[in-house]
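The values are calculated or read from the model by the stated rules, or taken from the named source; none is laboratory data. These numbers were taken from a predicted model, which means no experiment stands behind them. Backbone-built Cβ (ideal geometry, glycine too); neighbour counts: all protein chains shown. Just the protein is used for accessible areas: all its heavy atoms, side chains included, with ligands, DNA and RNA removed. Shrake-Rupley method; radii C 1.70, N 1.55, O 1.52, S 1.80 Å.
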Amino acid sequence: MTTPAKTKTQAKASTTPTVAQKAAPKKAPASKARSSHSQSAAAPMDRRAELIEKAAHLFGAKGYANTSMRDISAAFGILHGSIYHHFGSKEELFITVYASGVDRFIRDVQRAIEPFTDPWERLEAACVAHLEALLLRQSPAATVLADWSSDYSDEMRAALVAERDRYERVFSGLADAVDLAPGIKRRYFRLGLLGALNGALMWYQPGGDSPATVAKQLFSLFKNKSRPETR
């Protein structure tokens with residue numbers, strides 16, 4: 001059975017796009033659409049991270065009490081009221097900065113101890129990472145960790161203590177793994193070692209021994225006095 005030939009009119013109609021076909025927009029490739037969506041979603045997060053970093057610089061340089069939300073807004077280049085779209089109060093912002101600093105310390109320590117299996121070597125690597133983060137990092141988030149002000153409210157102090165404890169649990173796990181001499185209380189060993197490291201923030205001067213050298217020296221003092229004697 002043969003198919004009847006189309007007339008010229010039918011042929012023209014079949015090759016001419018309809019109004020609906022003309023108006024139909026071209027769909028963007030799926031990958032491009034996903035990329036655009038991820039970029040738009042990442043932008044607010046990048047701005048928030050930038051704001052946290054800017055606030056960390058100011059809190060680290062001026063202290064919590066002497067830094068206002070207006071100061072941070074001006075440094076960030078936004079109107080004073082706009083900062084409250086990101087954080088409801090200065091307390092909330094400072095707690096976030098503090099938590100960000102804790103996250104960085106934990107990452108530094110975990111990265112530093114990874115190559116080691118011996119408990120004393122792991123603890124020494126953690127001490128070096130801790131002091132390098134405290135004394136060398138450009139971001140003052142590390143300095144903020146050492147700032148403890150009487151201006152904190154009870155609620156704020158509780159939140160900061162919870163964040164500090166989160167880091168100390170990591171350090172405690174490393175300190176608890178080493179063998180100590182009889183009579184050495186582990187809690188005092190851990191707190192004394194951390195206190196010695198954090199105290200370097202008050203007296204360390206760049207240009208002398210490196211933070212790593214200082215950390216190893218302080219660590220050796222505790223290690224030599226605290227580990228069991230070998231026969």
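Suppose we filter Tyr64, Tyr84, Tyr98 for residues that are assigned to a helix (DSSP H, G or I), of a type in the set (Ser, Thr, Tyr) and either in contact with an Asp or Glu (Cβ under 9 Å, 6 or more places away or on another chain) or buried (at least 18 other Cβ atoms within 10 Å of the Cβ) (or both); which single one remains? Quick ask: steps written out before the conclusion?
Numbers: Tyr64 fails: assigned to a helix (DSSP H, G or I); Tyr84 fails: either in contact with an Asp or Glu (Cβ under 9 Å, 6 or more places away or on another chain) or buried (at least 18 other Cβ atoms within 10 Å of the Cβ) (or both).
Unique residue meeting the criteria: Tyr98.
Identify the residue in the range 101-126 that is touching a Lys or Arg at 6+ places or on another chain (Cβ under 9 Å) and aliphatic (A, V, I, L, M) and, among all such residues, is surrounded by the fewest Cβ atoms within 10 Å (Cβ to Cβ).
Only one residue fits best here, namely Ile106.
Hey, among the residues in the range 172-209 that are open to solvent by less than 50 Å² (accessible area, probe 1.4 Å) and not in a helix (DSSP H, G or I), which one's farthest from His130 (Cα to Cα)?
Ala181
Which residue pairs have Cβ atoms closer than 8 Å, lie 6 or more positions apart in sequence or on different chains, and pair a first residue in the range 62-82 that is within 22 Å of Asp151 (Cα to Cα) and basic (Lys, Arg) with a second residue that is modelled with pLDDT of 90 or more and assigned to a helix (DSSP H, G or I)?
Close Cβ pairs satisfying both conditions: Lys62/Asp71.
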